[in-house]
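Asks: Dumping the structure here so I can ask a few things about it.
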Amino acid sequence: MSSQAQTSQNRASDKLSGVELERKANEVVHFVLIWEQKKIPIKRADINKHVLKDHKSSFSDVIKVVAKKLEKVFGIKLVEIGEGAKKAYMLVNTLDHSETSDVMKWKDNSKRGLLFTILTLIFMSGNSIMDGALWHSLKRLGIEKDHSHSVFGDVKKLITQEFSRQMYLDISKVPNCDPPQYEYRWGQRAFHDIPKRKILEFVTKLYDKSDIMVWKSQYQDMIADEMNEQQSG
Amino acid sequence: MSKDSEEDDDFGNSVLDEDTPQSEISQHLSKTERLNLRRSYRKLIEETQQNKEELIKPDNNGLMENIAKAQELFKKVKGPTEGALDSRFMSLAVSLGAQKTSLLQTDLVAFQPDEFIQKLVTFMEGNVTSDNPEDVFIPDRGWEMLGENTTQYFTSIVPALHPLAGVFEDVGQSRGPTPSKVRRFNEETNARTQLPQHLTNYRADQKEATPEEIERVLKIIRGFYASDPSPFDYFELVVNPQSFGHTIENIFHLAFLVKDGLVRVFLGENGIPVVEPVKDAEAQKSKKNLKEDDICNQVMVSLSMDEWEAIIDAYQLAGAEPSIPAGGARASRKKVK
């Protein structure tokens, strides 16, 4: 193995292999774990700039090792999103943490509460909601688009920029609309992080209903989603 | 409609003619009866059509009642024309029934954002403070609580890294040392190189302290002599029973005094050295003598630790206060011994 590694090293000096590859992969693992705290997808360019530097050509080799390490050591799946130049990565937990969640201290609980509210509104309203309807609903929760909030500060920025950049929300402009209107949908991370079943469970609990099946269309949507996931997974 | 009824009538008549040959009266009677029956059916259909918006509402039983009416009418149906009318009504009732069912279902699952929001407000222990639903009060803690409760639903969220010793504070961007910082740093290093100089000064200070000590000892000797103007025992004066070091220091200071001709040390009557201060006039004189006669006033005393202890025993000084109290900070240090 070592002789093989050496010959390949000789062949292309900027290509990583063997111990070096391993070392760089470890650095990338460390890097993505920390980057994930921001919840913003990690771009290939970020990894190249901060870790690989002169070894950009080895990216595809390194990322394979990284994905394997994340999965085996941390139970985290490296998910590729976007295409071409916009290709980026994010981390998705594959382990059940329902039992350990009591022990874990999560940051930004309030923000997550707001995010959950918005995602629920979108899903329950048929997977999309217009910005007018969203802000109307939020106003009844004491959140106003153009006013600073005592907990969230600049709410508009939080929702339209942070949640959107974190890929929790997908905000698109509705064509041929004056004044402009925006449509809010679930972003890619939302699909990965929160099962629709959980949303239904929460809403059912909130409404004090007995079964999630009372939400017929949403339930069907959820089943369809779960089927898709099973097929692709 | 009128054309329809005509056709119906013709059709009915022809059927009647063939199938039921009856008497004129009975024929007439049944004809009136059938006419009434058709009229009832048409009325029922018309009513159902007109009221369909009402009838399809989930909590409206009108449709069931109308079907029951039709059922009653159907008992009298004998001819196909009436049968056809019954079918027409039934098909209408079925289509309305279907609409009603779908409405019923949407009603059950219909998600009303306002209702949801209202329930969320309650969940977060907030409340609407007036008739206007936008006058809402939600405690700051409410959002935190909602987050805590919903975090469990984020099943695939990646847990945060938890450094055992806490996280670094966000100190903002570091821009590298600014010129003023560099200057300050240089000043600091300069200050540090000056430190040894301070130390030399300090040592010089220590040296200067010796004359002060000598002065102090002289005062003490003069004090003794003032209260009892006779030469007093040398060892009793210098020995500090608590500190050998201080004893040596006293001998050292006394030697200076002797050298300067301020104190005289000589052997007393019983061969024990005694000390006596020189009077100012004599001191002047002796200084002069010093110069003229080149007389060197020197006293040399050697004292070992053993001898010091022996003297303490002999003079029974153990536990006694020293004649020359140790002065300043150095005293306390030595007293420990």
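Only the coordinates and a few stated rules stand behind these numbers; no lab work does. Quick caveat: nothing in here was measured; it's all calculated off a predicted structure. Counting neighbours? That spans all protein chains shown, and the Cβs are built from the backbone with ideal geometry, glycine included.
Asks: Summing +1 for each Lys or Arg and -1 for each Asp or Glu, what net charge is found among the other residues whose Cβ lies under 12 Å from the Cβ of A:ARG185?
Replies: -3
Asks: List the residues whose amide H sits under 5 Å from the amide H of B:SER243, counting only those 5 or more places along or on another chain, with H placed 1.01 Å from N in the peptide plane.
Replies: For B:SER243, whose amide H was placed from the backbone, there are no distant partners under 5 Å.
Asks: Can I ask one more? So if each residue of separation counts as 0.36 nm, and I subtract the Cα-Cα distance between B:ALA84 and B:GLN49, what length gain in nm does that give?
Replies: In short, 10.9 nm is gained.
Asks: Which longest run of chain A has no exposed loop site in it, a site being GluC sites (Glu not before Pro) in a DSSP loop with at most 14 other beta carbons within 10 Å, and the site itself not part of the run?
Replies: A:145-233
Asks: Any idea what the alpha-carbon Rg over 2.2 N^0.38 Å comes to for segment A:163-233?
Replies: Dividing the Cα Rg of segment A:163-233 by 2.2 N^0.38 Å gives 1.36.
Asks: Explain nothing, just the number: relative contact order of chain A, from Cα pairs under 8 Å at least 6 residues apart, as a whole percent.
Replies: Computed over chain A, the figure is 13 percent.
Asks: Near the amide H of A:ASP170, under 5 Å away, which other amide H atoms are found, from residues 5 or more places off or on another chain, if H is placed in the peptide plane?
Replies: Those lying under 5 Å, H to H, from A:ASP170 are A:ARG185, A:TRP186, A:GLY187.
Asks: Over 24 Å between Cα atoms, which of A:LYS64/A:LYS87; A:LYS157/A:LYS198; B:LYS43/B:LYS78 qualify?
Replies: A:LYS157/A:LYS198
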